[in-house]
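Right, one structure below, let's go through it.
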Amino acid sequence: EEEEEEEETKTQNGPSEVPRVPPWGGRDPPTVTVIGAGPAGLSAAKLLQNHGLKVVVLESRDRTGGRCCSYDMKALPEHDLPAITVDLGAAYVHGCHTFNVLYVIAQENKIKLDQSGGGYSAGWGENA
């Protein structure tokens, strides 16, 4: 009887395919809680969600991004300072490739990254 079931499975799925098992044995997928909505937490949540799990992300701050945060500073004309956006916390994108979620987000939003030697931020130059 086992052999008949195995042969039926091979026939349905083809001779070289692994039998397809419904995710979670047909039950509802588990819910996974991810602590932190920084790049690592958001990446983990997306990956888990892509694999069919239910995901809840908990973040203690009132925003996502973890250490990645930009702040818009107003111009101070009395000091001859223009308005500028500064990075608070993470300012260096380690590894400019498609495996890095920050790099992908920057590319999708057409944000230019300084990839020069030392390039922590545009204008810091080679000796940063």
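Candidates are the residues of the range 1-32 that are surrounded by 10 or more Cβ atoms within 10 Å (Cβ to Cβ) and among the polar types (S, T, N, Q); the one that is modelled with the highest pLDDT is THR31. Per the conditions (1) assigned to a strand (DSSP E or B); (2) in contact with a Gly (Cβ under 7 Å, 6 or more places away or on another chain); (3) not β-branched (Val, Ile, Thr), the sole criterion not satisfied by GLY65 is (1).
For the range 74-128, filtered to residues that are surrounded by 10 or more Cβ atoms within 10 Å (Cβ to Cβ) and of a type in the set (Asp, Glu), the residue that is modelled with the highest pLDDT is ASP87.
A search for C-beta distances below 6 Å between a residue of the range 22-51 that is touching a residue at least 24 places away in the same chain (Cβ under 8 Å) and any residue that is assigned to a strand (DSSP E or B) and open to solvent by 90 Å² or more (accessible area, probe 1.4 Å), counting only pairs 6+ apart in sequence or on different chains, returns PRO29/LYS54; THR31/LYS54. Sub-8 Å Cβ pairs linking a first residue in the range 97-109 that is within 18 Å of GLY38 (Cα to Cα) to a second residue that is in a helix (DSSP H, G or I) and at pLDDT 75 or above, at least 6 apart or interchain, are THR98/VAL104; VAL101/PRO39; VAL101/LEU42; VAL101/SER43; LEU102/PRO39, ordered by first then second residue.
The values are calculated or read from the model by the stated rules, or taken from the named source; none is laboratory data. Bear in mind that the values here come from a model prediction, so they are computed numbers and not experimental data. Because the Cβ atoms are built from the backbone with ideal geometry, glycine has one as well, and the counts that use them run over all protein chains shown. Surface accessibility is based on the protein's heavy atoms, side chains included, excluding ligands, DNA and RNA. Shrake-Rupley method; radii C 1.70, N 1.55, O 1.52, S 1.80 Å.
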